[in-house]
1. Among DSSP beta bridges lying fully in the chain, give the percent that are antiparallel, nearest 5.
2. Quick check: pseudo-label points 7 Å beyond the Cα along Cα→Cβ at R317 and N27, how many nm apart are they?
3. Of K118/K161; K70/K339; K70/K161, which pairs sit farther than 22 Å apart, going by alpha carbon to alpha carbon?
4. Relative contact order (percent) for the chain, with alpha-carbon contacts under 8 angstrom and 6 or more residues of separation?
5. Run the simple label-point estimate for I310 and M151 please: 7 Å along Cα→C-beta, distance reported in nm.
6. Carbon and sulfur atoms: what percent of the 1.4 Å accessible area of the chain do they account for?
7. Enter the accessible area per residue of the chain (Å², integer; probe 1.4 Å; all protein chains in place).
8. Please compute, for the alpha-carbon atoms of segment 361-401, the extent along each of the three principal axes and give them in descending order in Å.
Amino acid sequence: MSHENLTLSEARRIALAAQGFDRPRPNGRANANHIRRAIRRLGLVQIDYVNVLTPAHYLVLFSRLGSYEKSLFDDLIYRRREFTEQWAHEASILPMASWPLLRHRMETHRVRPWGFEKFMNERNDYVERVLDEVRSRGPLGADVLPEPDGMPRRLPGAWGKTIPRAVLEALFGRGVLAVAERRPNFSRTYDLAERVIPAEHHGHRVEREESQRELLRLAARSHGVGTAGDLADYYRMPIREARQRINELVEAGDLRKAQVEGWREPAYLHPDAALPGRIEASALLSPFDPVVWRRPRAARLFGFDYRIEIYTPQEKRRWGYYVLPFLFGEHLAARVDLKADRAERRLLAQAAHIEPGAEPGAVAEALVAELRALAGWLGLASISVERRNGFSRALAAAARA
């Protein structure tokens with residue numbers, strides 16, 4: 001088959017294979033090796049701690065591996081130090097080897113909240129004091145640091161953020177500090193980057209343009225196929241610079257140009273991209289899963305219009321608060337609004353909707369099996385479906401069967 005002209009189905013299968021959906025889940029519980037390989041295949045895992053169901057980065061791995069111990073995931077990052085946190089596609093977990101590729105971004109990191117840069121410049125005495133505390137005491141959280149003399153602890157209008165926390169986060173974004181640990185309440189402790197990042201990565205310097213080429217290679221490997229915008233978005237690279245680097249990669253043979261049926265823009269294919277004959281996936285996807293995190297790509301590949309509605313006022317929500325797409329075969333066949341009711345130990349499907357063209361009976365049966373697997377992994381004893389429409393009634397019937 002010619003990789004240069006792809007049908008939409010071929011592009012979908014390439015994209016899903018690149019994301020690890022071309023293989024069955026491990027038998028029994030996934031182990032540290034499975035987790036390690038899955039993160040490396042993805043290149044990065046976006047961190048999100050909204051805990052309606054479970055923090056999204058854990059769910060990204062469950063979609064591909066099924067049941068596993070979350071502590072194994074944490075061990076690989078915070079104890080074995082094979083992975084680390086940094087700004088990549090938003091806040092992300094990524095292999096240590098990617099740290100030097102992001103260094104050029106750390107050097108121009110825009111401090112959050114916007115406007116806090118002024119404090120960092122004007123109160124360099126306090127910033128140095130924070131660094132001295134970390135240097136002498138080891139990994140620290142914001143809660144043990146004093147506020148600057150003569151200033152309130154809380155930052156006005158910054159969602160309850162404190163000045164010590166904003167300073168630690170700014171130094172982290174600049175690559176001076178790295179995340180040493182996540183506490184049980186998910187808050188971070190920070191240490192000097194050279195004490196967290198192995199010397200071969202911390203001391204390694206990669207020029208901006210070569211870093212961008214390598215990040216785009218990684219994005220292409222993890223996407224399989226995508227437009228320039230898709231590849232740029234994976235590591236949040238400015239599109240103008242990404243286009244230039246992509247042209248260089250095509251010229252060097254590191255990317256291949258392709259035309260996908262129905263896509264207006266040219267696509268780019270990783271030379272090692274696999275095209276399986278079929279995809280037999282059955283998986284609920286986190287709202288922050290790379291398969292769906294870029295809306296235009298989800299629409300182009302799957303005909304699926306997806307937006308997370310957490311920040312949408314309730315009366316304006318179309319689908320629900322925490323809605324997960326359901327991948328069935330090579331299609332996004334349904335979406336379901338889920339919540340872990342921990343007090344009653346049940347997984348609530350508050351709404352469920354089938355996509356046009358999907359077969360309700362087969363989808364409901366597969367989705368129930370996936371909901372049961374998810375409930376088991378989350379330590380919930382049962383699933384409960386609210387019967388709001390035709391498909392949720394079909395889902396409730398399949399759950400009772």
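1. Here the antiparallel bridges make up roughly 85 percent for the chain.
2. Taking the two extended label points, one gets 4.1 nm.
3. K70/K161
4. Numbers: 682 pairs, mean separation 69.6, N = 401.
Reported relative contact order: 17 percent.
5. Result: 2.8 nm between the two label points.
6. Of all accessible area on the chain, carbon and sulfur atoms account for 48 percent.
7. 44 Å²
8. Principal extents (largest minus smallest coordinate, Cα): 29, 19, 14 Å.
The values are calculated or read from the model by the stated rules, or taken from the named source; none is laboratory data. Keep in mind that what you see is a predicted model, and the values were worked out from it rather than measured. So basically every Cβ, Gly included, is an ideal-geometry build from the backbone, and we count neighbours across all protein chains shown. For accessibility, only protein heavy atoms count, side chains too; no ligands or nucleic acids. Shrake-Rupley method; radii C 1.70, N 1.55, O 1.52, S 1.80 Å.
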